[in-house]
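*Asks:* I have a structure here, written as structure tokens, and I will follow up with some questions on it.
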Amino acid sequence: MASATTTRTRSAKKGLAAVLFYTFIALIVLVSVLPLLWIFKMSIITNSELFASPPTIWPQHPTGASWRQIFNNPGFLGAIRNSAIISALTTVFCLLFGSMAAYAISRLRFNFKGSVLTLILAISFFPGVAIIGPLFKQFSELHLINTYWSAIIADTVFSLPLTVWLLVAFFKELPKDLEDAAKVDGATTIQALYKVVIPLAAPGVATTAILTFIYAWNEFLFANTFLLTQNTQTLTVVIPNFATVHTVDYGAQAAATIVATVPLVILVLIFQRRIVSGLTAGAVKG
Amino acid sequence: MTTANEQRKARGKRVRGLIGKSGEFRNPERRLAYYMVLPTLLIILAVAFYPVADSIWLSLHQATLTVTGPFVGFKNYLLLFQDSVFQQALANTVIFTVASVTIEFVLGFAVALALNRPFRGRGLVRAAVLIPWVLPTVISAVMWRLMLQDQIGVLSYAAHALGLVHQPILLNHTYLLIASILVDAWQTTPFIALLLLAGLQTIPADVYEAARVDGASTVQRFLRITVPLLKPTILVAVLFRTLDAYRVYDLFYGMANRQLESLSTYVYEGVRITQLQFATGNAAAVFIFVTAFLVALFFIKVLGMRTATEE
């Protein structure tokens, strides 16, 4: 290559690299977001437009018919309530049990600490389906089938590893002096945990709560196994059934999936940084 | 007060006998630690480990949901392995796991490397990438199913127009399996990307600088610095994804309306829908549990993954 053109080629190369780079970034964003926007579009067009071939890009005659249909369906409204109750209670129980366990693991000395942590974390590798048979049997005997409790108990156990793991990582980041000072002033360990450590670790605890809530909101296997009627079924159970029972109501299906995902998208947009920090906490200790 | 103290002492002695280390349970800090982990341990043992033992027990008996019959040894397992539906489910699951994890790893690495470069709007891009990951799997499956529907689906239209497919996608097992792999890649590539990105950010920049000064090329720097330093993160990410893909249930359920079997949907059918197969369903459940355990063991022992408990 002629030396006179070298610098130009180099800058052209650099320019090309930048173009490729930003094209790749744009592609990542489009692929992530476009499907959701398309489904939203499907939820606001008429049935005849849904069947148009080739498909329309922009909605021709936007309509709220599909949205009215799902919000006039009491079963669907009930499912939103069921999902909210089950996820919220699961989060509360996980934080209650998880904060104690995580405090003991991150702050107190005892033998078998490694075994305890391994036992808890092993659950996150556990195929949930391996236990649905026996659990269904036991929950039937305890008359828990088709109650919120069946889902809450199973969800709590399977999200506890995540809760404990995250809280241990966040508690470890706190300096120990403040608790020691509280203890010198006569606070018990439990008081130090709830009056000093948790308030100080509030951002971490909030992150943990968000991720636990998302986990429970998204849970499907246990809900689909233990919740038998619309009185207790969550959105994740109702929507796929909606898709097979009302096969032709594609617009309503589209609207329903948007309803199930909107709370999560909002959480992501607000707490993006925290969710990423939680997601990666501990997994990449240098 | 005295009696309470005496009781506590007595209990301390008993436990010391049990644990075999003097003072372990007498020390108030240590005793408190056990009390604090106890609720978590109890609920995990009762709701996760005990049912696994029960699964094993049921799989060795002639059993239905309500009646556990006589001991039959490994007969249920023989029936299981001879069942062509199970064989198909196993094949689907293995193909799905290997293909989706491979695609996710390659794409995730590329995305992580791209996001590791500072540029304007990186936070927004990261938020956008998180969106597929945060959706309930079964719901995103229903969404993609809508886009793959024969008459109304935009992807079905595009695939037919490009001549990629010649029959309705949702009615063909091979197409359904490929579609499921791609949807899984769409949904969980962000997870791998963000884990690897966090790992990349722990590698100090001066390591690269030193290599560059020594004349290492981009490829050399990637293979000799990035990959080895990232190995622990890579192993964690790939193990998590492998075990997660191996128990695939939500995705197949939502995408295929029970026309595509995985090991998990097979167990579900057995223990919840066709109650006659309760015992074989439990045998399949044990099979999943044991094989998943072996995969985890392989990662930890053979590939040398560091576990969280070593500090």
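*Asks:* Hey, got the dipole for chain B? About the Cα centre, +1 on K and R Cβ, -1 on D and E Cβ, debye to the nearest 20?
*Replies:* 1280
*Asks:* Between B:LYS301 and A:ARG68, what's the calculated FRET efficiency when r is the beta-carbon distance and R0 is 56 Å? Round to 0.05.
*Replies:* According to the calculation, E is roughly 0.45.
*Asks:* Which of rounded, prolate, oblate describes chain B, given a ≥ b ≥ c as roots of the alpha-carbon gyration tensor eigenvalues and a/c under 1.5 marking rounded, otherwise prolate only if a/b is larger than b/c?
*Replies:* Taking the square roots of the gyration eigenvalues as a ≥ b ≥ c, chain B is oblate.
*Asks:* Something else about it: Pull out the extension gain between A:THR147 and A:ALA206, defined as 0.36 nm times the separation in residues minus the alpha carbon to alpha carbon distance; nm, one decimal.
*Replies:* Separation in residues times 0.36 nm, less the Cα-Cα distance, equals 18.5 nm.
*Asks:* Can I ask one more? What FRET efficiency do you get for B:ARG258 and A:LEU96 if R0 is 56 Å and r is their Cβ-Cβ distance, rounded to the nearest 0.05?
*Replies:* So the FRET efficiency works out to roughly 0.90.
*Asks:* Let me ask another. Semi-axes of the equivalent ellipsoid of region A:61-218: what are they in whole Å, largest first, if each equals the square root of 5 times a C-alpha gyration tensor eigenvalue?
*Replies:* So the equivalent ellipsoid measures 36, 22, 14 Å along its semi-axes.
*Asks:* Highest GNM mean-square fluctuation, chain A, Cα pairs closer than 10 Å: which of A:VAL157, A:VAL29, A:VAL268?
*Replies:* So, out of A:VAL157, A:VAL29, A:VAL268, the one fluctuating most is A:VAL29.
*Asks:* At a threshold of 8 angstrom on Cα-Cα distance, excluding pairs fewer than six apart, so keeping six or more, what relative contact order does chain A reach in percent?
*Replies:* In percent, rounded to a whole number, it is 29.
*Asks:* Still on this structure, please answer the following. Taking the Cα centre of chain A as origin and charging only Cβ (+1 Lys, Arg; -1 Asp, Glu), how large is the dipole, in debye to the nearest 20?
*Replies:* Dipole size: approximately 1020 debye.
*Asks:* Give me the dipole magnitude in Debye, nearest 20, for the protein assembly as shown about the Cα centre, with unit charges on the beta carbon: positive for Lys and Arg, negative for Asp and Glu.
*Replies:* The calculation lands at about 1720 debye.
*Asks:* In what sequence, largest accessible area first, do B:ASP214, B:ASP206, B:ASP244 appear using a 1.4 Å probe?
*Replies:* Heavy-atom accessible area, descending, gives B:ASP214, B:ASP206, B:ASP244.
*Asks:* Looking at the square roots a ≥ b ≥ c of the eigenvalues of the Cα gyration tensor of region B:60-133, which shape do they give, rounded for a/c under 1.5, prolate if a/b is larger than b/c, or oblate?
*Replies:* Because a/c hits 1.5 or more and a/b exceeds b/c, region B:60-133 counts as prolate.
*Asks:* Then there is this: Go through A:LYS14/B:LYS231; A:LYS113/A:LYS176; A:LYS172/B:LYS231; B:LYS231/B:LYS301 and tell me which ones have a Cα-Cα distance over 22 Å in this structure.
*Replies:* In this structure, A:LYS14/B:LYS231; A:LYS172/B:LYS231 exceed 22 Å between Cα atoms.
*Asks:* Let me ask you something else. When only the heavy atoms of the protein chains count and the probe is 1.4 Å, how do A:PHE158, A:PHE112 rank by accessible area, highest first?
*Replies:* A:PHE112, A:PHE158
*Asks:* Would you calculate the separation in nanometres between label points at B:ALA205 and B:LYS75, each defined as 7 Å from the Cα along the Cα-to-beta-carbon direction?
*Replies:* 7.0
*Asks:* While we're on this one: How much space per residue, in cubic angstrom, does the convex hull of the C-alpha atoms of region A:159-244 take up?
*Replies:* Convex hull of Cα atoms, per residue: 114 Å³.
*Asks:* With a 10 Å cut-off between alpha carbons and a GNM built on chain B, which of B:ALA46, B:ALA256, B:ALA245 moves the most?
*Replies:* B:ALA46
*Asks:* If you keep only loop residues by DSSP, which trypsin sites (Lys or Arg not before Pro) in region A:166-265 have at most 16 other Cβ atoms within 10 Å of their Cβ?
*Replies:* Those satisfying the criteria are A:LYS176.
*Asks:* Order A:TYR22, A:TYR148, A:TYR250 by their accessible area, 1.4 angstrom probe, all chains in place, largest first.
*Replies:* A:TYR22, A:TYR148, A:TYR250
*Asks:* Moving to a separate point now. Report the label-to-label distance for B:PHE293 and B:ALA91 in nanometres (one decimal), using points 7 Å from each Cα along the Cα→Cβ vector.
*Replies:* Each label point lies 7 Å from its Cα, and together they span 2.9 nm.
*Asks:* Moving on to the next point. So what is the 222 nm mean residue ellipticity for chain B from helices alone, if each DSSP H run of at least 4 adds -39500 (n - 2.57) and you divide by all residues, rounding to the nearest 500 deg cm²/dmol?
*Replies:* That comes out to -22000 deg cm²/dmol.
*Asks:* Turning to a different aspect of this structure: How big, in percent, is the set of alpha carbon pairs in chain A lying more than 27 Å apart?
*Replies:* Percentage above 27 Å: 57.
*Asks:* Could you give the semi-axes, largest first, of the ellipsoid that matches the protein assembly as shown, computed as the square roots of 5 times the alpha carbon gyration tensor eigenvalues and rounded to whole Å?
*Replies:* For the protein assembly as shown, the ellipsoid semi-axes come out as 41, 35, 24 Å.
*Asks:* Roughly how many Å² of A:ASP177 are accessible to a 1.4 Å probe, to the nearest 10?
*Replies:* So the heavy atoms of A:ASP177 present about 110 Å² to solvent.
*Asks:* Something else now. Would you work out which of A:VAL276, A:ALA216, A:ALA206 lies farthest towards the positive end of the dipole of chain A, given +1 charges on the beta-carbon of Lys and Arg and -1 on that of Asp and Glu, about the Cα centre?
*Replies:* A:VAL276
*Asks:* Rounded to the nearest 10 Å², what accessible area does A:LEU34 show when all protein chains are kept and the probe is 1.4 Å?
*Replies:* 90
*Asks:* Let me ask something else about it. If I model a spin label at B:GLN82 and A:TYR194 as a point 7 Å from the Cα along the Cα→Cβ vector, what separation in nanometres do I get?
*Replies:* 6.0
*Asks:* Right, another one. Per 10 Å bin, what percent of the C-alpha pairs of region B:67-223 does each bin hold, from zero upward?
*Replies:* Reading the bins upward from 0: 9, 24, 26, 20, 14, 6, 1, 0.
*Asks:* Just need log10 I(q)/I(0) for region B:200-311 at q = 0.16, 0.21, 0.22 Å⁻¹, Debye formula, equal scatterers on the alpha-carbon atoms, no solvent, rounded to two decimals.
*Replies:* Results for region B:200-311 at q = 0.16, 0.21, 0.22 Å⁻¹ read -0.84, -1.08, -1.13.
*Asks:* Could you give the DSSP H helices of chain A that reach 30 angstrom or more along their long axis (alpha carbon positions) and whose average Kyte-Doolittle hydropathy is no lower than -1.0?
*Replies:* Those that pass (Cα extent of 30 Å or more, hydropathy at least -1.0) are A:3-43, A:74-107, A:148-172, A:250-280.
*Asks:* Determine the distance separating the Cα centre of region B:135-175 from the Cα centre of region A:50-94; give it in Å without decimals.
*Replies:* 21
*Asks:* Place a label point 7 angstrom from the Cα of B:ILE225 along the Cα-to-Cβ direction, then list the residues of region B:180-204 whose backbone nitrogen is under 18 Å away.
*Replies:* B:197-204
*Asks:* Let me ask something else. Could you tell me the accessible area of A:HIS61 in Å² (1.4 Å probe, neighbours in place), rounded to the nearest ten?
*Replies:* 120
*Asks:* Another one. Could you work out how much longer the chain between A:THR118 and A:TYR22 gets when fully extended? Use 0.36 nm per residue separation minus the Cα distance between them, nm to one decimal.
*Replies:* 30.3 nm
*Asks:* What FRET efficiency would be calculated for the residue pair B:ALA46, A:ASN111, taking the C-beta separation as r and a Förster radius of 25 Å, to the nearest 0.05?
*Replies:* 0.60
*Asks:* Over the Cα atoms, compute the radius of gyration (one decimal) and Dmax (the largest Cα-Cα distance, rounded to a whole number) for region A:3-43, in Å.
*Replies:* Values for region A:3-43 (Cα only, Rg and Dmax): 17.7, 60 Å.
*Asks:* Anything in chain B that counts as a DSSP H helix reaching 15 Å or more along its axis (C-alpha) with Kyte-Doolittle mean of at least 0.5? List them, would you?
*Replies:* Qualifying helices: B:28-44, B:84-115, B:122-134, B:137-148, B:173-200, B:227-246, B:278-297.
The values are calculated or read from the model by the stated rules, or taken from the named source; none is laboratory data. On a predicted model such as this, the values are computed, not experimentally measured, just so you know. Cβ coordinates were reconstructed from backbone atoms using ideal geometry, including for glycine residues, and neighbour counts include every protein chain displayed. Only protein heavy atoms, including side chains, enter the accessible area calculation; ligands, DNA and RNA are left aside. Shrake-Rupley method; radii C 1.70, N 1.55, O 1.52, S 1.80 Å.
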